[in-house]
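**Q** Right, I'll just put the structure down here and ask away after.
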Amino acid sequence: MEELLHLTEAAAYQVKDMMKEAEETDSYLRVAVNGGGCSGLSYSMTLEQDVKEDDVVFEQHGIKVVVDKISAGILKGTKIDYKQSLLGGGFTIDNPNAIATCGCGSSFRTAQVAGTPGDC
């Protein structure tokens, strides 16, 4: 069975650092897909204390991850990594379901979900 989403060790390490800085070490990492951006869908990653009834909950590299049921279908097989460079660092999201992304790289769409395109 294909996993819902894969959080790399580098991404988990960065999330743990962010949780420590925010004093939210007992929080969950919520990964979601929202409408918006030029291509129609955008990613969201937040720290949360609450789990909703229809959330999918799992753990990777010591990080408790929650994904809502609607986002789960769009995120299936997605890899979240963290890349460091001379100019800083940032999370990268590789979603095999995305068929188009916008020029600025902040939004996407899938074959099944177009989202609600707007301004970048």
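Throughout, read-outs are computed from the coordinates displayed, never taken from laboratory work. On a predicted model such as this, the values are computed, not experimentally measured, just so you know. No Cβ is skipped: glycine too gets one built from the backbone with ideal geometry, and neighbour counts run over all protein chains shown.
**Q** Cβ under 11 Å from LEU29's Cβ, LEU29 left aside: what net charge do those residues give with Lys, Arg +1 and Asp, Glu -1?
**A** 0
**Q** Quick one: Karplus J couplings for segment 56-62, per residue in order, coefficients 6.51, -1.76, 1.60, θ = phi - 60°, nearest Hz, x for Gly and Pro?
**A** My calculation for segment 56-62 gives 8, 10, 8, 10, 9, 6, x Hz in order.
**Q** Leaving out same-chain residues fewer than 8 places away, which aspartates and glutamates sit with a Cα under 20 Å from that of LYS76?
**A** Filter leaves GLU2, GLU3, GLU9, GLU53, ASP54, ASP55, GLU59, ASP68, ASP94.
**Q** Starting from segment 17-69, pick out the GluC sites (Glu not before Pro) whose DSSP state is loop and whose Cβ has at most 10 other Cβ atoms within 10 Å.
**A** Sparse-neighbourhood loop GluC sites (Glu not before Pro): GLU23, GLU53.
**Q** Right, next: After finding the eigenvalues of the alpha carbon gyration tensor for segment 5-110, what semi-axes result from the square roots of 5 times each, listed largest first in whole Å?
**A** With the √(5λ) rule applied to segment 5-110, the semi-axes are 22, 18, 12 Å.
**Q** Hand me the trypsin sites (Lys or Arg not before Pro) from segment 1-78 located in a DSSP loop with no more than 14 other Cβ atoms within 10 Å, in residue order please.
**A** Those that pass, being in a loop and sparsely packed, are LYS52.
**Q** Also: What's the extension gain from GLU23 to ILE70 if we count 0.36 nm per residue and subtract their Cα-Cα distance?
**A** 14.0 nm
**Q** Once phi is turned into ³J(HN,Hα) by the Karplus curve 6.51 cos²θ - 1.76 cosθ + 1.60 with θ = phi - 60°, what whole-Hz value does each residue of segment 5-11 show in order, with x for glycine and proline?
**A** The phi angles translate into 8, 10, 9, 6, 4, 5, 5 Hz.
**Q** If you don't mind, there's one more thing I want to ask. Separation between the LEU87 and VAL57 pseudo-spin-labels, each 7 Å from Cα along Cα→Cβ, expressed in nm?
**A** Output for this residue pair reads 4.0 nm.
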